[in-house]
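Have a look at the structure below before the remarks.
The values are calculated or read from the model by the stated rules, or taken from the named source; none is laboratory data. The model shown is predicted, which means the values in this text are computed figures rather than measured ones. Using ideal geometry, Cβ is built from the backbone for each residue, glycine included, and neighbour counts are taken over all protein chains shown. Surface accessibility is based on the protein's heavy atoms, side chains included, excluding ligands, DNA and RNA. Shrake-Rupley method; radii C 1.70, N 1.55, O 1.52, S 1.80 Å.
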Amino acid sequence: MASSIGSWLVVVAALLALPAAAAIIWLLRQREELRAKWNAATRDAETFSDQVWQLSEREERYRSLVEAQGDLIVRRDGGRIVYANAAYATLFGVSADDLIGSRMKLPRLASRPIVVLEGGARSFDECMATHQGERWISWVETAVLGPEGHKVIQRVGRDITARIAAEDQLVGARAQAEAANEAKSRFLATVSHEFRTPLNGILGMADLLSDTGLNAEQATYTEALRSSGEALLALIDGILDVAKVEAGKLELVEEPFDLVPLIETVTELMAPRAQAKGIELAAHVAPDLPARLVGDRDRLRQILLNLVGNAVKFTGCGGVGLSLRREGTGIEIVVADTGPGIPADRLELIFSEFEQFEAGAGERQSGTGLGLAIVRRLVGLMGGEVRAESQPGEGATFRLVLPLPAAPGAAAIPVPHWPRQHVLLVAPSAFAAGFLAETIRATGAVVSVATTAEAASARLGETATKGQGAITAVLVDHALGDAPAKDLAEAARAAGIADCLILLSPFERRLFGQPQAAGFSGFLIKPVRMRSLYERLGAGFPQVSPAPGARPAVGAGPRPVGVGLTILVAEDNEINALLVTRTLERFGCTAFWARDGREAVQRVEASFAGTAPPLDLALLDVRMPSMTGLECAREIRTLESRLGRAKPMPLVAVTANVAAADREAAFAAGMDDCLAKPLERAALLRWLKQLSRPPAGSLSA
Ligand code: ADP
């Protein structure tokens, strides 16, 4: 019995113990899970702490990097500083912590305009009074997200004080250099002007002296005096031109001008020199060029005279060719010669001032060494380009391209229409033959060129016997030789060709006698003018469009155009005055000399009052002591209106400075014209002719 009770008790106890065990097991499991979670949390915490450390280390690295850059950083929230780095704080002489929370600002002394950058940031430079003195800071200002989640203004700045100082220094140095350069150019211009005045006296006197019946020896000395003076004048003019271009004072005019006459003037001016050396000089203007262009004719002539002058100077045999053709909307000008050429390493250098080198066999040519420097400057001012090409021993070629537009309404160069003609051109020349052939071909004619008399005779023989390619006209260059040229005229006649012209230099013309006597139908003077060629050659052809006008008359020395004219010359320089009065007298005028402006006005007053002869013209030097030419003109005009004189007296300013401003000043003072010093005969003659048109003396009556 007792044992069964015990068993029951065991069973009951076991039944009671069951939930407790389950609870213990659950508890044990919970403890395990908690431990796992704890371990995971501990690991996370360690990772997190590692990351925090890494982040702070990275931040520190960036911060030290920024600080090392020296950039100034500040963030403001509505003016209140929410962040500032140490560099920014040093501007105030405090620590960054002292700035945080404050509204401290530095006084601004100067600033430069704000520039808005891409993305909306603004950049500006400020000069501020800082703890370290005046500093220029270059700022970039942007809006960034602040710690409280709204936008704050961040400025990052860099100290540019040193750069600004360097810039200022540079600007100062540049201004100083420019001022020095301008002073140099002004000095050169003044000195050149001062040189010119006495030199013109010397030249003019030499000129007058040569007309006084000198013996041969005296004439030689006078000529030497004149040519030395001219060389010096050329040098001074060159220096003056360079100085003017350097000082930006050279003004180009934009005026329509006739192209062909300009080119012919250049070749005709240079031809005597070329012919004296026994070399040829020829020019060719492509007939598709406009007859009138717009630009500065006188400066273009100066450029061409320089280039052609050099080519003639340096060429010993062969010749010089000047050719012009269309290039885009402008023109291309080529000056080629058969001279010694220019070494490759000199092709650029020769355009520098005073750059000369010995050409040929150590032969030092005369010159200023300024010509090409001026050419390049002028071409540059015109917006063009010039360059030299050469193979030593094979001549030099100067090529320039100028943007000279056609004048409004300009026609093409007139060219006749000769489609049925066949011209035989016999010329041994380097340039002229080709140029003439091109000029004739432009008419539609066929041109055969023969460089020797033999080849030409053979060609004429074919025409005579077989009628092959029947030649209708022959042009023979006398350079072929006198006898061969005359033989060819004979052969042409035998072949039944009536039109046979001979090309002669002016010197050859004098010796040649009557061309008709030698079997020629006529002659042409070299360098051949385009219009003369068309006129003479076409004289025997049908369908030739007649070329209008004739050759302009060439100045033939002083003629008494001024007879009966009374002219006042106001000039303080005695020699210049003597020169002008003598020249006027040689033109037949009566000239009175006034030594200064005051005397000139008195002389005019007397003539108005009838106590001195009436004056037809007053030439007033602009630079005179006591009263300038301009003051003189103003006084005379006032006098005229006070006296109620109906006809104003012609007043002409004479000045070494004929820039646009000087001319304007002269006209504003009441002058009728402004002439350059030294007074050119042509300009003087123009006035005398104008005054002679009405009965002499009537102008001031
Ligand atoms: P210069 O007054 O001496 O002619 P330039 O400036 O006109 O001065 O020319 C500079 C130099 O260039 C000359 O001295 C000469 O050596 C060289 N030169 C110019 N043109 C020619 C040319 N057509 N043939 C050979 N050399 C030339």
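For the stretch 385-407, the tally of residues that are part of a loop (DSSP other than H, G, I, E, B), within 16 Å of the ligand (Cβ to nearest atom) and open to solvent by 30 Å² or more (accessible area, probe 1.4 Å) stands at 4. Restricting attention to the stretch 328-358, the residues that are in a loop (DSSP other than H, G, I, E, B), near the ligand (Cβ under 7 Å from one of its atoms) and modelled with pLDDT of 85 or more add up to 4. Limited to the stretch 431-451, what total is found for residues that are small (Gly, Ala, Ser), farther than 23 Å from GLU462 by Cα and surrounded by 22 or more Cβ atoms within 10 Å (Cβ to Cβ)? So the answer is 1. None of ALA410, ALA479, ALA491 is surrounded by 16 or more Cβ atoms within 10 Å (Cβ to Cβ), touching a strand residue (DSSP E or B) at 6+ places or on another chain (Cβ under 6 Å) and not in a strand (DSSP E or B) except ALA410.
Checking the structure you have, find out if any residue of the stretch 304-320 is more than 9 Å from the ligand (Cβ to nearest atom), surrounded by fewer than 19 Cβ atoms within 10 Å (Cβ to Cβ) and within 20 Å of the chain's Cα centre (by Cα). Yes; the residues of the stretch 304-320 include at least one that is more than 9 Å from the ligand (Cβ to nearest atom), surrounded by fewer than 19 Cβ atoms within 10 Å (Cβ to Cβ) and within 20 Å of the chain's Cα centre (by Cα).
Just one residue in the set GLY461, GLY444 is farther than 28 Å from GLY278 by Cβ and in a loop (DSSP other than H, G, I, E, B); that residue is GLY444. Residues of the stretch 581-614 that are of a type outside the set (Asp, Glu) and within 13 Å of LEU688 (Cα to Cα): THR583, LEU584, ARG586, PHE587, GLY588, CYS589, THR590, ALA591.
Between ALA247, ALA206, the distinction of being surrounded by 18 or more Cβ atoms within 10 Å (Cβ to Cβ) and over 16 Å from ARG299 (Cβ atoms) belongs to ALA206 only. If you take the residues of the stretch 112-129 that are within 13 Å of THR161 (Cα to Cα) and surrounded by 15 or more Cβ atoms within 10 Å (Cβ to Cβ), which of them is nearest to the chain's Cα centre (by Cα)? So, considering only residues that are within 13 Å of THR161 (Cα to Cα) and surrounded by 15 or more Cβ atoms within 10 Å (Cβ to Cβ), the one nearest to the chain's Cα centre (by Cα) is ASP125.
Table: residues versus (1) at pLDDT below 90; (2) outside any helix (DSSP H, G or I); (3) among the β-branched types (Val, Ile, Thr); (4) open to solvent by less than 100 Å² (accessible area, probe 1.4 Å).
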{"position": "ALA13", "(1), (2), (3), (4)": "yes, no, no, yes"}
{"position": "ALA17", "(1), (2), (3), (4)": "yes, no, no, yes"}
{"position": "ALA21", "(1), (2), (3), (4)": "yes, no, no, yes"}
{"position": "LEU34", "(1), (2), (3), (4)": "no, no, no, no"}
{"position": "ASN39", "(1), (2), (3), (4)": "no, no, no, yes"}
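Might you let me know whether the stretch 666-676 holds any residue that is open to solvent by less than 40 Å² (accessible area, probe 1.4 Å) and charged (D, E, K, R)? Yes, there is a match, as at least one residue in the stretch 666-676 is open to solvent by less than 40 Å² (accessible area, probe 1.4 Å) and charged (D, E, K, R).
Residues considered: ILE81, ILE100. Of these, the only one that is touching a helix residue (DSSP H, G or I) at 6+ places or on another chain (Cβ under 8 Å), among the hydrophobic types (A, V, I, L, M, F, W, C) and under 27 Å from HIS150 (Cα atoms) is ILE81. Looking only at the stretch 270-298, residues that are assigned to a helix (DSSP H, G or I), away from the ligand (no atom under 16 Å from the Cβ) and open to solvent by 10 Å² or more (accessible area, probe 1.4 Å) come to 5 in all. Among the residues of the stretch 131-170, just one is aromatic (Phe, Trp, Tyr) and either open to solvent by 30 Å² or more (accessible area, probe 1.4 Å) or farther than 20 Å from LEU109 by Cβ (or both), namely TRP136. Among residues belonging to the stretch 575-610 that are closer than 22 Å to VAL563 by Cα and β-branched (Val, Ile, Thr), point out the one that is most open to solvent (accessible area, probe 1.4 Å). Among those that are closer than 22 Å to VAL563 by Cα and β-branched (Val, Ile, Thr), it is THR590. Of the listed requirements (1) away from the ligand (no atom under 16 Å from the Cβ); (2) part of a strand (DSSP E or B); (3) closer than 28 Å to ILE350 by Cα, VAL423 misses just one: (3).
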